[in-house]
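Novice: Before I ask anything, let me first share the structure, which is written out below as structure tokens.
The values are calculated or read from the model by the stated rules, or taken from the named source; none is laboratory data. Just so it is clear, the model here is predicted, and its values are computed rather than measured. Because the Cβ atoms are built from the backbone with ideal geometry, glycine has one as well, and the counts that use them run over all protein chains shown.
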Amino acid sequence: MAKKFIQLSCNKVLLQLVVILFISTLAFAQKNKIGSAGYLQTAIGFKDIKLGEDINKLNYARSYLDDDSRFDADSCLKLAVSDSSALKFTNDLNLSMIGVRTYKNKIVNIYLFFPKKDGSKMLSTFIATYGGYFTKPDEDTNIYTWDSKKVSLSLMYQADVEYGVAIFTYKSLAEYIVEVKELAAMKNRAQNNKAPKPTAILKNALASNNTNN
């Protein structure tokens, strides 16, 4: 009798675990499906352009953005993707250009440039893809931000500019770049503080000159 009771208890516990696991898996799938902000980190980029991946693995044709091969203030390079297949956003909407920003060959940002007149179409597509839970800094501006644990997306199209832009950001790499930049600035300040100040050097030179005289 006791053995049968134990067996029934074990089966009940096992059934509960299976139900919990199923619910957790279903909740995760719902959270990361198309139409939710979680899909940002499921897609982790735009088409075959994946955030965090090596730019050299990208098959699309590319060149330096604005023909500028210099590193920016964050030691990043900006490239333009000119492949026509990548510029196809939806059946009735084409992008003007795609920009990619890299740090040590890793993709940290993806820029989707589009005509300002297509801003409402871009917004509708993003809401359908990433959900209606976005933030806006001001109701009077066309700036929208979707956020997930790994990836953020900002959509901007203002009245005084010709083109709008959507920016995908790989958050961990962007934060790492900021940390590296701040550390370099701290080291630079520390070195400057250790260096003799010009006034001190001048005083020492004058004192030495007076001693010699």
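Novice: Looking only at residues in the range 122-159 that are within 18 Å of the chain's Cα centre (by Cα) and among the hydrophobic types (A, V, I, L, M, F, W, C), which one is surrounded by the fewest Cβ atoms within 10 Å (Cβ to Cβ)?
Specialist: Among those that are within 18 Å of the chain's Cα centre (by Cα) and among the hydrophobic types (A, V, I, L, M, F, W, C), it is Ile143.
Novice: Do we find a residue being touching a residue at least 24 places away in the same chain (Cβ under 8 Å) and assigned to a helix (DSSP H, G or I) anywhere in the range 136-148? Lay out the reasoning, then the answer.
Specialist: Restricting attention to the range 136-148, the residues satisfying the condition of being touching a residue at least 24 places away in the same chain (Cβ under 8 Å) are 146-148.
Filter again for assigned to a helix (DSSP H, G or I), leaving none.
Among the residues of the range 136-148, not one is touching a residue at least 24 places away in the same chain (Cβ under 8 Å) and assigned to a helix (DSSP H, G or I), which makes the answer no.
Matching residues to (1) surrounded by 17 or more Cβ atoms within 10 Å (Cβ to Cβ); (2) of a type in the set (Gly, Ala, Ser); (3) on the phi > 0 side of the Ramachandran plot:
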position	(1), (2), (3)
Ala61	no, yes, no
Lys78	yes, no, no
Leu93	no, no, no
Ser120	no, yes, no
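Novice: Let me ask you something else. Take the residues in the range 149-190 that are polar (S, T, N, Q) and at pLDDT 95 or above; name whichever of them is farthest from Gln41 (Cα to Cα). Let's see the steps before the verdict.
Specialist: Of all residues in the range 149-190, those polar (S, T, N, Q) come to 152, 154, 158, 169, 172, 188.
Add one more test, that the residue is at pLDDT 95 or above, and what stays is 152, 154, 169, 172.
Details: Ser152: 9, Ser154: 14, Thr169: 10, Ser172: 12 Å.
That would be Ser154.
Novice: Identify, from the list Thr145, Thr135, the residue that is closer than 22 Å to Gly35 by Cβ, modelled with pLDDT under 95 and of a type in the set (Ser, Thr, Tyr).
Specialist: Thr135
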